[in-house]
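Colleague: This is the structure I want to talk about, given as structure tokens.
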Amino acid sequence: MVRRGGTVAGKADDEGVGSVWKSDVMSRREREENIADEVRKFEMKSRKYKHMLEEGSDATLWQLHRNENEEPEFVVKSVPVTFKLDARGDSLVQKMLCFSARGGMLSKALGRGDRNILEPISLHDVLDVKPGCVGYESVNLPVPKSKTGRSSGNAENKHSSLFMTICGSPSPIASSRLFFVRFKTRTARNEAVTNLRRLLAELQVKEGVTISSIHNSNSASSPGASPNSQKRMANLTHGHQNVTEIPALPALNDDENAEDILVPLSVVQQELDKERESYDRLLILLLSGSADIKDKEDELLALRGKMDGVTAELKEKNRVQANDSK
């Protein structure tokens, strides 16, 4: 049976990893197998997340500037864009987030489809990436008016699950910059948030302040370097990969030779460094997820407080109406 639109697949795809915990299982073995499948999917996406960001995805962009003692100003209002990662070089500091104008077939034929709406954002200027419309109500975002004078797009802005907020560093023009990106589906939003957080985690692991308590074998102490500077610059690569060649290991022909093989210490240190970097990236992702949980719990508590207030007002109105009817 052929269906148009793929609504069933879209619902299943939107659930993502959460479907493992929501699905009904009859045994612990089945639950563990489901988790193992999701772990393999997560590892596959972790290996190709840069390619997914470079391909880009269609979205709608708002840019908000804030200054002290001034009204917030929207520099970009509800503009269709293609959100993607542009690599200007091999180094992570040379990767930029670009928002290209998204037009029709005529615009692409005329070469106007690749025009950037605003200046590309460097990864060093990205302070945080959060799901939802953080710092502004999504329903209050400015939208263009149609020919009849009515605002179009308010219905889509009600779904905060389609939004992603990028917090930018202060600039000479604005002390606070917020980029609100609305995607077409929740799955596209979740993948964009996760992939950007992976990229920021790799930026910190490769060229930022180290968070690991495990020793880094590449950070050999120099005579004039202080311990604090060694800790801060332990993972700085300046965009150049380690050029140390791994010596070839002898072939394992039988079990007797396998016991006599000596692995070079440099190979062991390089493998330890890879595992340490993977551990640091996962740790940063877990910390980001725990912050999301706390924010959602705060939102639920605020909504519950509003609901209790509305319920109390309704009870008071009903009591007054009952007294008036008597």
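Colleague: Distance cut-off 30 Å, Cα to Cα: go down the list LYS50/LYS306; LYS48/LYS77; LYS294/LYS315; LYS50/LYS296 and report the pairs above it. Write out the running numbers ahead of the final one.
Modeller: Working: LYS50/LYS306 42 Å; LYS48/LYS77 32 Å; LYS294/LYS315 32 Å; LYS50/LYS296 28 Å.
As for pairs spanning more than 30 Å Cα to Cα, those are LYS50/LYS306; LYS48/LYS77; LYS294/LYS315.
Colleague: For ARG66 and ASP24, what is the calculated FRET efficiency with R₀ set at 35 Å and r taken between the beta-carbons, to the nearest 0.05?
Modeller: Values: r = 47 Å, r/R0 = 1.34.
Approximately 0.15, to the nearest 0.05.
Colleague: How large is ³J(HN,Hα) for each residue in segment 126-131, as worked out from phi by the Karplus curve 6.51 cos²θ - 1.76 cosθ + 1.60 (θ = phi - 60°), to whole Hz, x for Gly and Pro?
Modeller: 3J(HN,Hα) across segment 126-131, in whole Hz: 8, 8, 7, 10, 10, x.
Colleague: Ranked by accessible surface with a 1.4 Å probe, highest first, in what order do LYS274, LYS50 come? Numbers along the way, then the final one.
Modeller: Details: LYS274 110, LYS50 65 Å².
So, going from the largest accessible area down, we get LYS274, LYS50.
Colleague: OK, next. May I ask you to evaluate 6.51 cos²θ - 1.76 cosθ + 1.60, the Karplus curve with θ = phi - 60°, for each residue of segment 160-174 and list the ³J(HN,Hα) values in order in whole Hz, giving x for glycine and proline?
Modeller: Values per residue, Gly and Pro as x: 5, 5, 8, 9, 10, 10, 10, 8, x, 6, x, 10, x, 8, 9 Hz.
Colleague: What is the sum of charges, Lys and Arg at +1 and Asp and Glu at -1, for the other residues whose Cβ falls under 9 Å from the Cβ of SER212? Working shown, then result.
Modeller: Details: positive: ARG276; negative: GLU277, ASP280.
Around SER212, the charge tally is -1.
Colleague: Testing the spin-label approximation: label points 7 Å from Cα along Cα→Cβ at SER171 and THR311. State their distance in nm.
Modeller: Modelled inter-label distance: 4.6 nm.
Colleague: Still on this structure: Go through 189-199, 168-178 and give me the packing order, highest mean Cβ count within 10 Å leading. Let's see the in-between values first.
Modeller: Details: 189-199: 20.7, 168-178: 14.5.
My ranking of the peptides, most packed first, is 189-199, 168-178.
Colleague: Let me ask another. May I ask you to evaluate 6.51 cos²θ - 1.76 cosθ + 1.60, the Karplus curve with θ = phi - 60°, for each residue of segment 196-209 and list the ³J(HN,Hα) values in order in whole Hz, giving x for glycine and proline?
Modeller: 5, 5, 4, 5, 5, 5, 5, 4, 6, 5, 7, 10, x, 6
Colleague: What does the C-alpha gyration tensor say about the overall shape of segment 155-198? Classify as rounded when a/c is under 1.5, otherwise prolate if a/b is larger than b/c, or oblate.
Modeller: Working: a/c = 4.22, a/b = 1.59, b/c = 2.66.
Oblate is the answer for segment 155-198, as a/c is 1.5 or above yet b/c matches or exceeds a/b.
Colleague: Which order do the peptides 205-211, 289-295 come out in when sorted by mean C-beta neighbours inside 10 angstrom, highest first?
Modeller: Numbers: 205-211: 17.3, 289-295: 11.4.
Sorting 205-211, 289-295 by mean packing, highest first, produces 205-211, 289-295.
The values are calculated or read from the model by the stated rules, or taken from the named source; none is laboratory data. Not measured: the values here are computed from a predicted model. Cβ atoms come from the backbone with ideal geometry, glycine included; neighbour counts cover every protein chain shown. What goes into the accessible areas is simple: the full protein's heavy atoms, side chains included, and nothing from ligands, DNA or RNA. Shrake-Rupley method; radii C 1.70, N 1.55, O 1.52, S 1.80 Å.
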